[in-house]
Amino acid sequence: MPFVNPLRMLQDARSGGYCIGAFNLVDFLTLRAIVEAAEAQRSPVILQTSSASVKQLGIKALVAMARLAAGESPVPVALHLDHGTDRAVIREAIQGGYTAVMIDGSKYPLEENIARTRDVVQEAHAHGVAVEGEVGIVAGVEDDIVVRQDAAIYTTPEEALEFHRRTGVDFLAAAIGTAHGFYKVQPKLDIDTLRKLAAANPCPMVVHGGTGLPLDVVRELVRAGAAKMNVSTQIKQTYIDGLHGYIEAHRTEYNPIKLLDHARRELVAMIGEYMQVLGSAGKA
Ligand SMILES: [Zn+2]
């Protein structure tokens, strides 16, 4: 089936008490691994591309690749632009076949964030494309944006409600103490805030920084109302560790297909396990 708008997927997840994984692809191998895991688990899935992969491959190539890998898939697949900051790239994604885009205006003062987000919502909705916004600031490194953990600003339910009401955004990234990249110290998560946000807010909530959280914590976030969980760093780590592991064990073998297949299988297993923890397995 063609890419679906993920809003319904996330609403179903929220009412069903489970969560949809949004996995960042970096190339065709990671893309195939995500789709393969979703099919094996019978799980709806969101494919995500970061600004870095957009810079490297371009929107056209990413859409073509994703269509090739997921176009015939029996499970619902959405294609989402993660952390859009460049308005021109967001427009290209909306017009080019993405079914959701994130406009990350969190570095701006609230009023400007609202204005920028509303502008994207108007254009996206005219094309049937869903929009993710962000209020509060998620810590860590996302592309070239670095936010120290103590500089992150947690989202309040009042702020989230106002943001949703004034922008018409479809789902919202909440800053609740998770961070992008690897955790240097165990994060102090404000799961109670997430619970309040999910209870107060009329739109599904998104948690960024799903890598490296203990699986119990991920389950707790799902129970607290996370409808979309972003997983990026874990994909890169499993990919690179998979390559290293194979090369170290087969120093004199020169068969890239075997090497890449090994990394892909490791990714399929990791992503499948994550889908089971999120509870999306079996929901497609
Ligand atoms: Zn993020």
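The values are calculated or read from the model by the stated rules, or taken from the named source; none is laboratory data. Since we're looking at a predicted model, the values are computed, not measured. Quick reminder, even Gly has a Cβ in these numbers, built from the backbone with ideal geometry, and neighbours come from all protein chains shown. Ligands, DNA and RNA are excluded from the accessible area calculation, which covers all protein heavy atoms including side chains. Shrake-Rupley method; radii C 1.70, N 1.55, O 1.52, S 1.80 Å.
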Among E92, E72, which is away from the ligand (no atom under 16 Å from the Cβ) and at pLDDT below 95? E72
Please verify whether region 112-125 includes one or more residues that are away from the ligand (no atom under 16 Å from the Cβ), under 20 Å from the mean Cα position of the chain (by Cα) and either assigned to a loop (DSSP other than H, G, I, E, B) or over 19 Å from C203 (Cβ atoms) (or both). no
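Do we have L47 as within 16 Å of the chain's Cα centre (by Cα), within 15 Å of K228 (Cα to Cα) and away from the ligand (no atom under 16 Å from the Cβ) here?
Here the answer is no, as L47 does not meet what is asked.
Among Y18, Y98, which is away from the ligand (no atom under 16 Å from the Cβ), in contact (Cβ under 8 Å) with a residue 24 or more places away in the chain, under 29 Å from G136 (Cβ atoms) and touching a strand residue (DSSP E or B) at 6+ places or on another chain (Cβ under 7 Å)? Before the answer, list the steps.
Working: Y18 fails: touching a strand residue (DSSP E or B) at 6+ places or on another chain (Cβ under 7 Å).
Going through Y18, Y98 in turn, the sole match is Y98.
Could you say whether any residue in region 23-42 is over 22 Å from R264 (Cβ atoms) and within 16 Å of the ligand (Cβ to nearest atom)? Spell out the reasoning first.
Our first condition is that a residue be over 22 Å from R264 (Cβ atoms); within region 23-42, this holds for none.
No, every residue in region 23-42 fails to be over 22 Å from R264 (Cβ atoms) and within 16 Å of the ligand (Cβ to nearest atom).
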Which one is most open to solvent (accessible area, probe 1.4 Å), of the residues in region 217-274 that are over 20 Å from I20 (Cα atoms) and not in a helix (DSSP H, G or I)? Y254
Please go through (1) within 14 Å of the chain's Cα centre (by Cα); (2) under 23 Å from V121 (Cβ atoms); (3) open to solvent by 10 Å² or more (accessible area, probe 1.4 Å) for V54 and return the number of the only condition it doesn't satisfy. (1)
Can you tell me which residue within region 75-89, out of those that are away from the ligand (no atom under 13 Å from the Cβ) and of a type in the set (D, E, K, R), is most open to solvent (accessible area, probe 1.4 Å)? D86
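Listed here are the residues, each with its yes/no results for (1) under 29 Å from L221 (Cα atoms); (2) charged (D, E, K, R); (3) assigned to a helix (DSSP H, G or I).
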{"residue": "D12", "(1), (2), (3)": "yes, yes, yes"}
{"residue": "S15", "(1), (2), (3)": "yes, no, yes"}
{"residue": "A52", "(1), (2), (3)": "yes, no, yes"}
{"residue": "L62", "(1), (2), (3)": "no, no, yes"}
{"residue": "S73", "(1), (2), (3)": "yes, no, no"}
{"residue": "L81", "(1), (2), (3)": "yes, no, no"}
{"residue": "R91", "(1), (2), (3)": "no, yes, yes"}
Restricting attention to region 188-202, does a residue exist that is within 16 Å of the ligand (Cβ to nearest atom) and open to solvent by 20 Å² or more (accessible area, probe 1.4 Å)? yes
Which residue pairs have Cβ atoms closer than 9 Å, lie 6 or more positions apart in sequence or on different chains, and pair a first residue in region 157-186 that is closer than 30 Å to A126 by Cβ and at pLDDT 95 or above with a second residue that is within 13 Å of the ligand (Cβ to nearest atom) and basic (K, R)? F171/K228
Odd one out for F171 among (1) within 19 Å of the chain's Cα centre (by Cα); (2) away from the ligand (no atom under 14 Å from the Cβ): (2)
